[in-house]
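Notes follow once the structure below has been shown.
The values are calculated or read from the model by the stated rules, or taken from the named source; none is laboratory data. All figures in this text were calculated on a predicted structure; none of them were measured in a lab. Neighbour counts run over all protein chains shown; Cβ positions are idealised from the backbone, glycine included. With ligands, DNA and RNA removed, areas are computed over all heavy atoms of the protein, side chains included. Shrake-Rupley method; radii C 1.70, N 1.55, O 1.52, S 1.80 Å.
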Amino acid sequence: MTRWLVRLFRKRQTQKQLDAELRFHLDQQVAGYVAAGMSPEEARRRANLEFGGLERVKEEVRDTRWETHLENLLRDFRYAFRTLRKSPGFTAVAILTLALGIGANTAIFSVVNTVLFRSLPFPHASQLVDISARSTLFDFSNLGLSLPDLADVRASARSLSTVAPYQYSRKELTGDGKPERIEGADVSSEFFPLLGIQPLYGRTFTSADMQPGSHTVIIGYSLWRERFGGDTRTVGKNLIIDGQPVTIIGVMPPQQQLGFITDFQLWAPLVPTQEQLASRENHAFSVLAELKPHANIAMLQKELGAIAARLATAYPDADKGWSIHATPLKKYLLGDATTPLIVLFSAVGFVLLIACANVSNLSLSRGWARRREFALRAAIGATRGTLLRQLAAECVLVALAGGACAFLIATWTMHGLRAILPPEIPRLQDLRMDTAVGWFTLGASLFAAFLSGLAPALLAVRQDVNLAIKDGGGTGAGAPSGHNFLRRFLVVAEIALALVLLVGATLALQSFARLLRVDLGFRPNHLVTMKMDFPRYRFAKSRQAIAFVQRILDTSQAIPGVDAVSAGLVFPLGDEFAETTFETEESAKDPKSGEQSALSNMVAPNFFRALGIPLLAGRDFKSTDTDNNSPVFIVNEALAHKVFGSIDVLGKRFSTRRESGHPIWGEIVGVAGNVREARPGAEPKPEIYAPFYQSQRVTGVYLIVRTKPDPMAIVSAIQDRVWALDKNQPITAIKTAEAQIFEINAAPRSQSLLLGIFGALGVVLALIGVYGVMSYLVAQQTREIGIRMALGADPQGILRLVISHGLKLTVAGVTIGVITSLALTRFMRSLLFGISATDPVTFAGVAVSLTLVALAACYIPARRATRVDPMLALRYE
């Protein structure tokens, strides 16, 4: 390596060494001939003939050295820089075009890299799996396991090395300041070691912490900073959690936001009760596990399937219809984020292809204008390889400059992407321009250089040298067929790609518009909700919680500006759902009929009025609908039609629970309108409402308040009334219904916005390409147009002639684009609502619109053609 560097930077010294070495070999040859009997003059002449001349040998030796190739390459880049500097218009347009295409790709790749490609911040992350259960009775795909079932999994699943159960658990933090309800979790002693997370201070849980009566907790970094000011002596101090003093044994370092329990701020030891240890019906525990080194997910799933089948046979009352599934932890955390990001990445890929096609068209025009230069260089000895290398250097310089600008553009748009993309995407806050993004930008730049410069360069060096020199820089007989065919091909490709982008963007925008227009089944305006939890340590009996809620409802109803107030265990479009199984009197008589499931809710009187849900039949719940009276229910229209065939169901009975093996029958007293509980785009599901005052166990409610003024203006008054009843009652999740809908629609909104931006950018670039080609063709056909006009052609005929050329290219591009779109938009099906991925109206509308806009881009060059002076055109060359 040192010798190579010396040869590169000390050329004179290297040249002297080469001269000395060659002269030594020449002198040795001369001495050999003299020793053989030749005269010195004849010996030197003979040696020179065999060597072929020192200068020629020097050139051959220098040509074989790598530093010569490097020097030639650097010389090509210096010449390319000077050439591009002499054409500032072409250079600026090409760099800007590529910067837009590469910048869009870099920005979206930074998101894809952060979310999809970057590994989880845990050792052996690829071996971590989530284990969950599913039931044929419920729609949820990731339900928990019971502890007895988990014990069977732990004992029988040979592919697992470590199993760590955990349970989500909100914690009530009281003491100094207002009471808080924070997200927490109860975890086993294996949990943090399994993830490889070491505390910043203190320790993690041990088996000693997993005993009844343990009062230890680990706190998160932000809670440590907020409550203790980052005091390094925090370990050993106490907190009041759920009314009990607990000791802090550890402080966790800051973690990536993954939508996982590592995001929480408090963890307590998982100490199950005897009831939980014995109950197979209590599917409440999530499971994190690690595969053994030589196991894989397929092996584990096969084992879990066998375990679930065995449990269903052994315990049919608890496990029949249940299955157990393993999901790689990364896939589990990403959820539904993968498909939208792939669609966006594909869209920006099309933008880059359109940008490359535009620059390629520009390079064709520039190459045709420089054809005499290339011919002269070829005539004096430049090979095709040399010319190709020179043109490649120009393309690479333009692409690298575009890539540098693109990297800056992507960096500047980082904050915008965080604001546009839905917040539930994991690790979005960790979005940054790292080394991987830099390498991607470089790769995209080189790819753009290859794609935009290859064909123009090959055409430029394959021209006839004699014809190019004779042409003398004029237009001559026009560009060769190869140039014109490639130009037309590029325009067709640009239009096709732009149509694919525009179809995707239009489908997304229409889907989002229909999503906004969907009937939710309730009135979200002037509606605010807030969450209150009732832990056992403060409300040992449900009667206490129910009475407390009633006092809150009474005092809140008296606040000026409150129109209606009620409460429910869940509310539409919230983060929590509840399902129940039920049986009707008819199904109970049929031994072959199994249980059915439906969404469930326990609601206070005025719940339907507060939300604006219509009562289609019957009555609302009353304050007398308590557990002292017979159970009553209100069902929604979907359940009435599905189970009973009509909404004429008043007085019919069904049961949602059993006592001593016998159903507890309740009467249907009302039918409510359908509400989209889960997501605005989801179809309404059967739902059963029961009176809040008949609740068997109340752990928390959502307070639902309809107001006359701005609902957020009433919140402080409601909080004051609640805290006047209980100063330690945390109030969380304060949000208007409209804000909730806005958050739920974040994903389709961001998808529509970004696809719309990329679609518009692609169309603009494609139209620029159409305009450029038509302008070039008009300039190329100036003499032909002049002759036609001299022979009597009218301007309208010339206009139609030129536009017809553009129309042919546009129709070809639109046709190819429609066929391509039909093949590609099917990947968007899961992202669309209320519209087919092959909607004919959308395809027709986009095709016609793009055709009209492309023709408009053709009109200006065509109009210019009608103003050609025949006499000037005939003397044009």
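Going through THR313, THR273, THR327 one at a time, which residue ends up being loosely packed, with under 13 Cβ neighbours inside 10 Å and either under 22 Å from LEU137 (Cα atoms) or among the acidic types (Asp, Glu) (or both)?
Exactly one residue qualifies, and that residue is THR313.
Among all residue pairs at least 6 apart or on different chains, which show Cβ distances below 8 Å where the first residue, located in the stretch 213-232, is small (Gly, Ala, Ser) and the second is assigned to a helix (DSSP H, G or I)?
Cβ pairs passing all conditions: SER214/ALA208; GLY230/TRP224.
(1) over 20 Å from ASP720 (Cα atoms); (2) modelled with pLDDT under 90; (3) under 41 Å from the mean Cα position of the chain (by Cα); (4) open to solvent by less than 60 Å² (accessible area, probe 1.4 Å): which one isn't true of ALA604, the others all being true?
(2)
This table checks each residue for (1) over 20 Å from PHE577 (Cβ atoms); (2) assigned to a helix (DSSP H, G or I); (3) open to solvent by 30 Å² or more (accessible area, probe 1.4 Å); (4) not β-branched (Val, Ile, Thr).
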position: PRO709; (1), (2), (3), (4): yes, no, yes, yes
position: ALA733; (1), (2), (3), (4): no, no, yes, yes
position: GLU743; (1), (2), (3), (4): no, yes, yes, yes
position: GLY759; (1), (2), (3), (4): yes, yes, no, yes
position: GLY772; (1), (2), (3), (4): yes, yes, yes, yes
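Check every one of the strands (runs of 3 or more DSSP E) wholly within the stretch 154-261 and list those with 2 or more residues that are among the small types (Gly, Ala, Ser).
Counting at least 2 such residues, we get 160-168, 184-187.
Given (1) surrounded by fewer than 19 Cβ atoms within 10 Å (Cβ to Cβ); (2) closer than 28 Å to GLN596 by Cβ, identify the lone condition not met by TYR702.
Single failed check for TYR702: (1).
Suppose the filter is of a type in the set (Val, Ile, Thr), assigned to a strand (DSSP E or B) and at negative phi; does ILE704 pass it?
Taking the combined requirement at face value, the residue satisfies it.
For the stretch 608-624, which positions are hydrophobic (A, V, I, L, M, F, W, C) and either closer than 22 Å to ASP648 by Cα or open to solvent by 40 Å² or more (accessible area, probe 1.4 Å) (or both)?
PHE608, ILE613, LEU615, LEU616, ALA617, PHE621
Within the stretch 54-115, considering only helices (runs of 4 or more DSSP H) that don't extend past its boundaries, which have at least 2 residues that are at pLDDT 80 or above, more than 18 Å from THR411 (Cα to Cα) and open to solvent by less than 70 Å² (accessible area, probe 1.4 Å)?
Passing ranges, in order: 66-86, 88-112.
Does any residue of the stretch 512-526 turn out to be under 30 Å from SER346 (Cβ atoms) and assigned to a loop (DSSP other than H, G, I, E, B)?
Yes: the stretch 512-526 contains one or more residues that are under 30 Å from SER346 (Cβ atoms) and assigned to a loop (DSSP other than H, G, I, E, B).
May I ask you to verify whether VAL503 is open to solvent by less than 10 Å² (accessible area, probe 1.4 Å), touching a Leu at 6+ places or on another chain (Cβ under 6 Å), assigned to a helix (DSSP H, G or I) and not basic (Lys, Arg)? Lay out the reasoning, then the answer.
Working: open to solvent by less than 10 Å² (accessible area, probe 1.4 Å): yes; touching a Leu at 6+ places or on another chain (Cβ under 6 Å): no; assigned to a helix (DSSP H, G or I): yes; not basic (Lys, Arg): yes.
So VAL503 does not fit the description; no.
For the stretch 206-245: of the residues being in contact with a strand residue (DSSP E or B) (Cβ under 8 Å, 6 or more places away or on another chain) and more than 23 Å from THR174 (Cβ to Cβ), which is surrounded by the most Cβ atoms within 10 Å (Cβ to Cβ)?
Among those that are in contact with a strand residue (DSSP E or B) (Cβ under 8 Å, 6 or more places away or on another chain) and more than 23 Å from THR174 (Cβ to Cβ), it is MET210.
For the stretch 819-830, give me each residue that is within 12 Å of VAL500 (Cβ to Cβ) and open to solvent by 70 Å² or more (accessible area, probe 1.4 Å).
Within the stretch 819-830, the subset within 12 Å of VAL500 (Cβ to Cβ) is 819-825, 827-828.
Selection gives ILE819, LEU822, PHE827.
So that you can scan it fast, the table gives a plain yes or no per residue for (1) under 19 Å from the mean Cα position of the chain (by Cα); (2) in a loop (DSSP other than H, G, I, E, B); (3) loosely packed, with under 15 Cβ neighbours inside 10 Å:
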{"position": "PHE407", "(1), (2), (3)": "no, no, no"}
{"position": "THR411", "(1), (2), (3)": "yes, no, no"}
{"position": "LEU417", "(1), (2), (3)": "yes, no, no"}
{"position": "GLN429", "(1), (2), (3)": "yes, no, yes"}
{"position": "ARG432", "(1), (2), (3)": "yes, yes, yes"}
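Anything in the stretch 489-516 that is within 25 Å of the chain's Cα centre (by Cα) and of a type outside the set (A, V, I, L, M)? List them, or say none.
Residues satisfying the conditions are GLY504, THR506, GLN510, SER511, PHE512, ARG514.
Give me the pairs: first residue in the stretch 238-254 and closer than 15 Å to GLN198 by Cα, second residue assigned to a strand (DSSP E or B) and aromatic (Phe, Trp, Tyr), beta-carbon distance under 7 Å, and six or more apart or on different chains, which are they?
Partner pairs satisfying both residue conditions: GLY250/TYR201; VAL251/TYR201.
So if I check each of ASP130, ASP149, which one is touching a strand residue (DSSP E or B) at 6+ places or on another chain (Cβ under 9 Å), more than 19 Å from LEU446 (Cα to Cα), in a helix (DSSP H, G or I) and not basic (Lys, Arg)?
Answer to the check: ASP149.
Residue-wise test of (1) assigned to a strand (DSSP E or B); (2) closer than 15 Å to PHE692 by Cβ; (3) aromatic (Phe, Trp, Tyr); (4) in contact (Cβ under 8 Å) with a residue 60 or more places away in the chain.
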| residue | (1), (2), (3), (4) |
| --- | --- |
| PHE539 | no, yes, yes, yes |
| ALA547 | no, yes, no, no |
| VAL565 | yes, yes, no, yes |
| PHE571 | no, yes, yes, yes |
| GLU583 | yes, no, no, yes |
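Would you confirm whether any residue within the stretch 346-369 is assigned to a helix (DSSP H, G or I), modelled with pLDDT of 80 or more, under 30 Å from THR262 (Cα atoms) and touching a helix residue (DSSP H, G or I) at 6+ places or on another chain (Cβ under 8 Å)?
no
Give just the number: which of (1) under 19 Å from ASN361 (Cβ atoms); (2) at pLDDT 70 or above; (3) open to solvent by less than 80 Å² (accessible area, probe 1.4 Å) does ILE816 not satisfy?
Looking at each condition in turn, ILE816 falls short on (3).
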